[in-house]
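These notes concern the structure reproduced below.
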Amino acid sequence: MVRSTIIARATDALPLAASVDDEQTENDLQEHKQQAKLIFRRITPNSEPRCSIESGAYTLHYLISENVVYLTIAEKSYPRKLAFSYLDELSKEFAITYGPKVDAARKPYAFVGFDTFMSKTARLYQDTRTATAASESSMDRLNNELQDVTRIMTKNMEELLWRGDSLDKMSHLSTSLRSESEKYRKAARKINIDAMIRQYAPLGGLGLLFIIIIWWKFF
């Protein structure tokens, strides 16, 4: 289920609003909220507009819209389609209510009043069964790119923390190309080995037969 939500400005990672979480949630998600701050700092104009970043038992999903990053921390088993439907609802309402004021914000959590809408919407998405029913009309409004969750970039938090990986679109493309290139090299290597076996197997068989004949005659 959706556990916590943070909204930040894309250009400078300034937090604009956040869900009010209970003490237990704060303790459980302390590390993941620090990771969310890292993600905000990694956002660039070339970053993927939608991304899911896996981290232990949770996944951090973010959506970028009109210079605002909407990020939610959800349990790993929670459907990505519902997570992005939730974020899409937040982005539409936030843009209507605070959109023109985003660039002028100077202090953190300038739009803390948005928590009321976040809390109400999050309750609809706590359970996957009720969330599916409640979000049907919203899901119908989503474009094909959002509905096709297989096209949403997926990263691992370890890649961002230790490998210095990027959230940029070109980085995603580069990763895909490296993966395809590695597959091609493995396939080519296998073809070469098979060709060598077909070429030299008859000679090897003749050599073995010759050794057997020599051994039989002289030993």
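The values are calculated or read from the model by the stated rules, or taken from the named source; none is laboratory data. Note that this is a predicted model, so its numbers are computed, not measured. Neighbour counts run over all protein chains shown; Cβ positions are idealised from the backbone, glycine included.
Assorted remarks:
- Test set (1) in contact with an Asp or Glu (Cβ under 9 Å, 6 or more places away or on another chain); (2) part of a helix (DSSP H, G or I) - Thr25 fails condition number: (1)
- Of the strands (runs of 3 or more DSSP E) that lie entirely inside the stretch 35-153, those containing 2 or more residues that are modelled with pLDDT of 90 or more, in contact with a Pro (Cβ under 9 Å, 6 or more places away or on another chain) and surrounded by 12 or more Cβ atoms within 10 Å (Cβ to Cβ) span 58-65.
- A search for C-beta distances below 6 Å between a residue of the stretch 95-121 that is in contact (Cβ under 8 Å) with a residue 60 or more places away in the chain and any residue that is part of a helix (DSSP H, G or I), counting only pairs 6+ apart in sequence or on different chains, returns Phe111/Tyr98.
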